[in-house]
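Take a look at the structure set out below.
The values are calculated or read from the model by the stated rules, or taken from the named source; none is laboratory data. These numbers were taken from a predicted model, which means no experiment stands behind them. Neighbour counts run over all protein chains shown; Cβ positions are idealised from the backbone, glycine included. Calculation scope for accessible area: heavy atoms of the full protein, side chains included, ligands and nucleic acids excluded. Shrake-Rupley method; radii C 1.70, N 1.55, O 1.52, S 1.80 Å.
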Amino acid sequence: GQSLEQPSEVTAVEGAIVQINCTYQTSGFYGLSWYQQHDGGAPTFLSYNGLDGLEETGRFSSFLSRSDSYGYLLLQELQMKDSASYFCADYSGAGSYQLTFGKGTKLSVIP
Amino acid sequence: DVKVTQSSRYLVKRTGEKVFLECVQDMDHENMFWYRQDPGLGLRLIYFSYDVKMKEKGDIPEGYSVSREKKERFSLILESASTNQTSMYLCASSPTGTGLYEQYFGPGTRLTVT
């Protein structure tokens, strides 16, 4: 089966760096996506890791290690507007059209 | 910009009613999805479609059906609404190929069944 584990809540200070971890136990794993969702809003795509290593997009970076079945989202120079829920999602590819989402991590950025 | 629209932001229906949730995307995407989102449970896939008139069950299809008569439109149907179907319903679309892991979501419909 497919399951992804991520912390339910994280609190960090404005201007700091925070890392949100995601571990997966998935057969036929293909890659890991990250989505952001503000309260009352729609999820929006942040990044995708199909290969091991780090992908950087501005203040956000995402990392994948297939050997450890582990990935993380790194947010730098935190801003208040980064307060949101963050979901990792597994893409199993190979003819599957599905993303399987983790339960989400609620990030609270405090002054 | 990709735009995914859903017919209603808020909907209140009675138990036993037949409910239609409509989703339209304007980017000619092949794939469309219906999820429900509940607190502490994340997003769970109900049904998806990879082509017109094609549909596949997701993880929680019971009590739901779907229709895709046109490429841009994907409808979710609750045949006989029940209180445990009170939830936020999210529609998404994606292109085939490398876009499969990048889905574009609509604003959601918050359905309350009383």
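For the range A:75-82, the count of residues that are closer than 21 Å to residue A:99 by Cα and not in a loop (DSSP other than H, G, I, E, B) is zero.
Is it the case that some residue within the range A:88-99 is farther than 25 Å from residue B:36 by Cα, modelled with pLDDT of 95 or more, surrounded by 14 or more Cβ atoms within 10 Å (Cβ to Cβ) and out of contact with any helix residue (DSSP H, G or I) (no Cβ under 6 Å at 6 or more places or on another chain)? Checking the range A:88-99: not a single residue is farther than 25 Å from residue B:36 by Cα, modelled with pLDDT of 95 or more, surrounded by 14 or more Cβ atoms within 10 Å (Cβ to Cβ) and out of contact with any helix residue (DSSP H, G or I) (no Cβ under 6 Å at 6 or more places or on another chain). Residues in the range B:1-22 that are closer than 27 Å to residue A:6 by Cβ and among the hydrophobic types (A, V, I, L, M, F, W, C) were compared, and the one that is most open to solvent (accessible area, probe 1.4 Å) is B:2.
For the subset of the range B:70-85 comprising residues that are under 13 Å from residue B:21 (Cβ atoms) and open to solvent by less than 70 Å² (accessible area, probe 1.4 Å), which member is farthest from the chain's Cα centre (by Cα)?
It comes out as B:81.
Residues in the range A:19-32 that are at pLDDT 95 or above and among the small types (Gly, Ala, Ser): 0 in all.
Could you tell me which residue of the range A:50-77 is nearest to residue A:15 (Cα to Cα), considering only residues that are open to solvent by less than 80 Å² (accessible area, probe 1.4 Å) and in contact with a Lys or Arg (Cβ under 8 Å, 6 or more places away or on another chain)?
A:76
Of the residues making up the range B:35-53, just one is among the aliphatic types (A, V, I, L, M), more than 10 Å from chain A (Cβ to nearest Cβ) and surrounded by fewer than 21 Cβ atoms within 10 Å (Cβ to Cβ), namely B:52.
Restricted to the range B:54-69, and to residues that are of a type in the set (A, V, I, L, M) and farther than 25 Å from residue A:104 by Cα, which residue is surrounded by the most Cβ atoms within 10 Å (Cβ to Cβ)?
B:66
Scanning the range B:61-114 for residues that are assigned to a loop (DSSP other than H, G, I, E, B) and either within 12 Å of chain A (Cβ to nearest Cβ) or free of Cβ contacts under 8 Å to residues at least 12 places away in the same chain (or both) yields a count of 8.
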